Amino acid sequence: MRDGVAIRTDGVMRHYAMGQAMVRAVDGVSIEVKNGEFVALLGSSGSGKSTLLNLMAGLDRPTGGAIFAHDRNLAEMNSEELARHRSHTIGIVFQAFNLLPRMTLEENVELPLRLAEVDRGERASRVHEALERVRLGGRLAHRPTELSGGEQQRGALARALVNRPTILLADEPTGNLDSATGDEIMKLLREINESLGMTIVMVTHERPRAEAFADRLLMMKDGKLDGVAAGNGGRGGAGGNDGAAALRP
Ligand code: ADP
Ligand code: MG
């Protein structure tokens, strides 16, 4: 899985007709994310980052262009295959952690496995493994309100990982957290990227954080790609532009 391309977009568009006007939320974006790469999507509010991420997730369909995940064209998938893509290939976390309040942490993390019809015995061990990975093994019976913001986001991350996706998408995962807790989440994402070889595409508007932790930064503006820069890939320091990292796929 480490060689090759995880996600490729080819002139992808998502236009919304709003009365007479057309909102070009994503407007002809062509990018490639390699297997095992950690990419940050940067841009100001309204630049189309979330729309692009949702298209990659298969949560939304493009109005033009194409998206490939591991060389498979999402447009050619029927609804069953697309559901499978969302459930098996993609893990996704959002700014608002979206854990279900009436369920314990363990039940929240188990939910994707139930939906994927994984056997009960297998479910328990996978839930524990995912929660250990985010260092929440001691919080199984807690409900979301009994967890800190950082713990809730780590729980959401465990839920995203439990189906063992190959691609993790994160939309401003640190947006609701204070700076120290946000850094913990970033370190955890980097660790998951490195230990599991998981491909990560993370939306953020915090450039220093993107520079510190991502391998590559893709800048968006008005729905278009507006520049590429190298990140530090978690090797310490705040950003920077070493040429070797820029050339690395
Ligand atoms: P970002 O995540 O970078 O802040 P978004 O992808 O959420 O930006 O939005 C990009 C643009 O598309 C914005 O101008 C937004 O208002 C518009 N947009 C997003 N979703 C819709 C929708 N469902 N209908 C109409 N316009 C939308
Ligand atoms: Mg957004």
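Being in a strand (DSSP E or B) and closer than 30 Å to Ala230 by Cα is a property that does not hold for Leu188. Which of the residues spanning the stretch 102-124 are within 14 Å of Leu140 (Cα to Cα) and either of a type outside the set (Ser, Thr, Tyr) or surrounded by fewer than 17 Cβ atoms within 10 Å (Cβ to Cβ) (or both)? Arg102, Met103, Leu105, Glu106, Glu107, Asn108, Val109, Glu110, Leu111, Arg123, Ala124 - these are the residues of the stretch 102-124 that are within 14 Å of Leu140 (Cα to Cα) and either of a type outside the set (Ser, Thr, Tyr) or surrounded by fewer than 17 Cβ atoms within 10 Å (Cβ to Cβ) (or both).
Give the residues of the stretch 14-25 that are surrounded by 19 or more Cβ atoms within 10 Å (Cβ to Cβ) and away from ligand 2 (no atom under 12 Å from the Cβ), sorted by residue number.
Passing the criteria: only Arg14.
Just to check your reading of the model, which residue among Lys34, Lys49 is under 15 Å from Val201 (Cβ atoms), among the charged types (D, E, K, R), within 16 Å of ligand 2 (Cβ to nearest atom) and in contact (Cβ under 8 Å) with a residue 24 or more places away in the chain? Among Lys34, Lys49, only Lys49 is under 15 Å from Val201 (Cβ atoms), among the charged types (D, E, K, R), within 16 Å of ligand 2 (Cβ to nearest atom) and in contact (Cβ under 8 Å) with a residue 24 or more places away in the chain. Tell me whether the stretch 54-68 contains one or more residues that are part of a strand (DSSP E or B), surrounded by 21 or more Cβ atoms within 10 Å (Cβ to Cβ) and in contact with a Lys or Arg (Cβ under 9 Å, 6 or more places away or on another chain). The answer is yes; a qualifying residue exists. Mind listing whichever residues of the stretch 74-125 are part of a loop (DSSP other than H, G, I, E, B), of a type in the set (D, E, K, R) and closer than 25 Å to Gly175 by Cα? Residue satisfying the conditions is Arg102 alone.
Scanning the stretch 77-85 for residues that are under 16 Å from the mean Cα position of the chain (by Cα) and modelled with pLDDT under 95 turns up at least one hit.
Restricting the first member to the stretch 208-235 and to residues that are touching a residue at least 12 places away in the same chain (Cβ under 8 Å), and the second to residues that are assigned to a strand (DSSP E or B) and of a type in the set (Lys, Arg), the beta-carbon pairs closer than 6 Å and six or more apart or on different chains are Gly223/Arg24; Gly231/Arg216. Criterion first (under 25 Å from Asn176 (Cβ atoms) and surrounded by fewer than 21 Cβ atoms within 10 Å (Cβ to Cβ)) does Arg86 satisfy it? Yes; evaluated as a whole, the condition is true for this residue.
The values are calculated or read from the model by the stated rules, or taken from the named source; none is laboratory data. Everything quoted here is computed from the prediction, not taken from an experiment. Heads up, the Cβs are rebuilt from the backbone with ideal geometry, glycines too, and the neighbour counts pull from every protein chain shown.
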